[in-house]
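K.L.:
This is the structure I have questions about; it appears just below.
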Amino acid sequence: MPSMDRRLILASGSPRRFELLGQVVDHFDVRVSGIPEPVDPSLSPAENVLEIARAKANAVASACEGFGDCR
């Protein structure tokens, strides 16, 4: 059972990511960030993935600030 003060949030609307995460954890919430996913040609593929993931996480975290249940 997840801790009451911490929850895992999937910041993606991808059905495949939902399926994969569901294979390793029992409980998580989905919050779609809605941000664009531009690819920066000056970055490597790994760097692009990290930048996009960071931007999604920051967008969802910002939406959750001040809300104990991350509405």
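The values are calculated or read from the model by the stated rules, or taken from the named source; none is laboratory data. Not measured: the values here are computed from a predicted model. Every residue, glycine among them, receives a Cβ derived from its backbone with ideal geometry; neighbour counts consider all protein chains shown.
K.L.:
Give region 15-39 a look and list any residue that's acidic (Asp, Glu) and farther than 18 Å from ALA59 by Cβ, or say none.
P.N.:
GLU19, ASP26 - these are the residues of region 15-39 that are acidic (Asp, Glu) and farther than 18 Å from ALA59 by Cβ.
K.L.:
Still on this structure: Determine which single condition LEU43 fails, assuming it passes every other condition in (1) part of a loop (DSSP other than H, G, I, E, B); (2) among the aliphatic types (A, V, I, L, M); (3) at pLDDT 95 or above; (4) within 18 Å of ALA61 (Cβ to Cβ).
P.N.:
(4)
K.L.:
Report yes if LEU21 is modelled with pLDDT of 95 or more and within 12 Å of the chain's Cα centre (by Cα), otherwise no. Break it down stepwise before answering.
P.N.:
Numbers: modelled with pLDDT of 95 or more: yes; within 12 Å of the chain's Cα centre (by Cα): yes.
It is true that LEU21 is modelled with pLDDT of 95 or more and within 12 Å of the chain's Cα centre (by Cα).
K.L.:
If you check every pair at least six apart or on different chains, which have Cβ atoms under 6 Å apart with a residue in region 38-50 that is within 19 Å of SER12 (Cα to Cα) first and a residue that is outside any loop (DSSP other than H, G, I, E, B) second?
P.N.:
Once the first residue is within 19 Å of SER12 (Cα to Cα) and sits in region 38-50, its partners that are outside any loop (DSSP other than H, G, I, E, B) give VAL39/ASN48.
K.L.:
Then there's this: Being at pLDDT below 90 and in a helix (DSSP H, G or I) is true for just one of ALA53, ALA61. Which residue is that? Step through it out loud before you land on a result.
P.N.:
On the way: ALA53 fails: at pLDDT below 90.
Criteria check complete, one pass: ALA61.
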